[in-house]
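Asker: Got a structure for you, written out below as structure tokens; questions coming shortly.
Every number here is computed from the coordinates shown, using simple stated rules; none is lab data. Predicted model only: the values in this text are computed from it and were never measured. Cβ placement follows ideal geometry from the backbone for every residue including glycine, while neighbour counts extend to all protein chains displayed.
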Amino acid sequence: MLTVNDFQAAAARLKNVVHTIPLSTSCTFSAMTGAEVYLKYENQQKTGSFKVRGAYNKIMKRYLEGNLKAVVASSAGNHAQGVAFAAASVGVPATIVMPRSAPIAKVAATQGYGAEVILHGSVYDECYQKALAVVEERGAEFIHPFDDEDVMAGQGTIGLEILSDLPFVDMIFVPAGGGGLLSGVAACVKQINPRIQVIGVQAEGASAIVDSFHQDAIHATDTAHTIADGIAVKTPGGKTMEYINQYVDQMVTVSDAEIAAAILLLLERCKQVVEPAGAASLAAVLNKKVDIAGKKVVCVLSGGNIDVSFIHKVVEKGLVTRHRHIKFSTIMPDVPGALERFAHIVAEQNANVILFNHDRVAADLDIGEAIIEVVCEVGGDEHAQRLMKALKQNGYQIFNKNT
């Protein structure tokens with residue numbers, strides 16, 4: 001079993017290798033939640049995520065023991081970069097199996113560290129099976145992304161850093177997929193100070209680790225569908241679940257919409273690019289999945305490797321979730337001046353039309369009518385409600401509203 005000595009030994013191996021990133025407090029998020037919120041920016045970590053900690057600790061430990069010839073890993077992207085970086089550091093070849101859906105940026109970064117990348121399957125679990133086959137073919141050593149105590153020890157060094165910066169922390173929120181980060185942080189922190197609560201956070205569309213925690217048994221899901229690709233795991237680790245069941249206080253889920261809103265807030269308020277998996281912890285805090293009032297709370301933002309081409313989709317979803325964009329349909333007379341009148345009402349309410357679609361051929365329309373589908377930019381829920389009220393007062397029927 002992992003002890004505090006294991007985490008301290010891992011920290012010694014990682015010294016002068018990983019970035020030590022101090023906690024940052026957030027007045028904005030503290031005001032929104034009624035808690036004292038701190039952020040652990042592992043999106044600023046070397047390779048762009050916490051994964052380098054566990055990968056480097058495992059590979060360096062094995063290298064120092066001798067007889068490490070080559071390594072193989074399976075990963076949605078962040079573990080891939082960590083293994084590639086660590087393998088290059090000690091001069092051994094690395095082969096990484098990644099899902100075909102892996103963000104291009106993560107694939108390119110992994111190759112940039114000198115690793116061979118094999119694209120296979122759609123989720124981590126399928127990559128894992130392929131990686132095991134590659135291990136047999138090449139006589140290499142498999143570096144598991146989470147279900148390995150040396151990997152957990154490396155990830156758990158985050159716990160040591162949090163306690164060094166904020167000894168009196170009350171709660172730590174940690175993203176969870178396979179459980180390597182959560183188990184490591186929880187085992188480290190709880191053995192030092194059992195008073196601290198550790199909360200695991202998973203995406204609703206990939207809830208295997210939450211289900212396993214609540215059922216006290218490994219529970220696999222048939223699918224893992226979420227924008228948080230870094231925690232889209234259908235089967236959590238057996239070893240990680242042992243530690244999670246022993247040390248973690250609660251497990252909660254967040255929706256993709258809640259994750260997207262958290263990413264948008266981090267961009268706007270903190271000027272930080274955080275990937276969906278990394279923002280899950282903050283999403284849980286902002287949506288008060290547990291009672292955090294008056295507590296000193298740390299959110300581990302586990303990574304920032306998000307494909308640039310995907311950011312705009314997440315931002316758009318976040319804008320809708322935060323009531324900054326409002327989408328709706330209405331019926332108007334298909335006559336000259338009707339659109340100008342509608343636009344004038346919107347302008348009077350200081351809203352901005354950013355998308356407009358005019359449908360004259362819907363089957364249920366009367367002659368002389370048209371359906372318009374509109375997306376307006378507004379300042380928030382209160383502003384959106386004022387706009388809807390003004391339109392209704394002017395005779396517009398609002399339907400298919402999505403905010």
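Asker: As a test of the definition: which semi-axes, in Å, follow for region 323-402 when you take the square root of five times each eigenvalue of its alpha carbon gyration tensor? Largest first, please.
Answerer: Over the Cα atoms of region 323-402, the ellipsoid semi-axes are 21, 13, 11 Å.
Asker: What are the extents of the Cα atoms of the chain along their three principal axes, in Å, largest first?
Answerer: 81, 49, 39
Asker: Roughly how many debye, to the nearest 20, is the charge dipole of region 51-142 about its Cα centre, given +1 on each Lys and Arg Cβ, -1 on each Asp and Glu Cβ, and no other charges?
Answerer: Roughly 280 debye for region 51-142.
Asker: Also: Net charge within 14 Å of Arg341 by Cβ-Cβ distance, Lys/Arg positive one each and Asp/Glu negative one each, not counting Arg341 itself?
Answerer: After counting each charged neighbour, the total is -3.
Asker: Loop-only trypsin sites (Lys or Arg not before Pro) in region 246-317, please: DSSP not H, G, I, E or B, and at most 16 other Cβ atoms within 10 Å.
Answerer: Taking region 246-317 and a limit of 16 other Cβ atoms within 10 Å, the loop trypsin sites (Lys or Arg not before Pro) found are Lys271, Lys288.
Asker: Below 11 angstrom from the Cβ of Ala102, what's the summed charge of the other residues (Lys, Arg +1; Asp, Glu -1)?
Answerer: Overall, the nearby charge balance is 0.
Asker: Kirkwood Rh over alpha-carbon pairs of region 116-194, then Stokes-Einstein at 10 °C and 1.306 mPa s: what D in µm² s⁻¹, rounded to an integer?
Answerer: The diffusion coefficient I find is 110 µm²/s.
Asker: Here's another thing I want to ask about it. How charged is the neighbourhood of Tyr113? Take every other residue with its Cβ under 13 Å from the Cβ of Tyr113, and add Lys/Arg as +1 and Asp/Glu as -1.
Answerer: Once all neighbours under 13 Å are counted, the net charge is +2.
Asker: List the pair-distance distribution P(r) of region 124-167, using every Cα-Cα distance, as the percent of pairs falling in each 10 Å bin from 0 up to the bin containing the longest distance, rounded to whole percents.
Answerer: Values per bin, smallest distances first: 24, 34, 24, 14, 5.
Asker: Got a sec? How would Phe168, Phe356, Phe342, Phe7 order by Cβ neighbour count within 10 Å, fewest to most?
Answerer: Phe168, Phe356, Phe342, Phe7
Asker: How about region 70-149: which trypsin sites (Lys or Arg not before Pro) there lie in a loop by DSSP and see at most 16 other Cβ atoms within 10 Å?
Answerer: Taking region 70-149 and a limit of 16 other Cβ atoms within 10 Å, the loop trypsin sites (Lys or Arg not before Pro) found are Arg100.
Asker: Sticking with this one: Roughly what % of Cα-Cα distances in region 172-257 sit above 18 Å, to the whole percent?
Answerer: Distances greater than 18 Å cover 33 percent of the Cα pairs.
Asker: What nm value, rounded to one decimal, do you get for the distance between Asp381 and Asn287 when each label is placed 7 Å out toward the C-beta?
Answerer: About 1.4 nm, to one decimal.
Asker: Counting pairwise Cα distances across region 51-142, what percent come out greater than 18 angstrom?
Answerer: Everything past 18 Å amounts to 36 percent.
Asker: Helix-derived [θ] at 222 nm for the chain: sum -39500 (n - 2.57) over DSSP H runs of at least 4, divide by residue count, nearest 500?
Answerer: -13500 deg cm²/dmol
Asker: Would you pull out the residues with amide H under 5 Å of Thr253's amide H, same chain only if 5 or more places away, H placed 1.01 Å from N?
Answerer: When sequence neighbours closer than 5 places are left aside, the close amide H contacts are Gln202.
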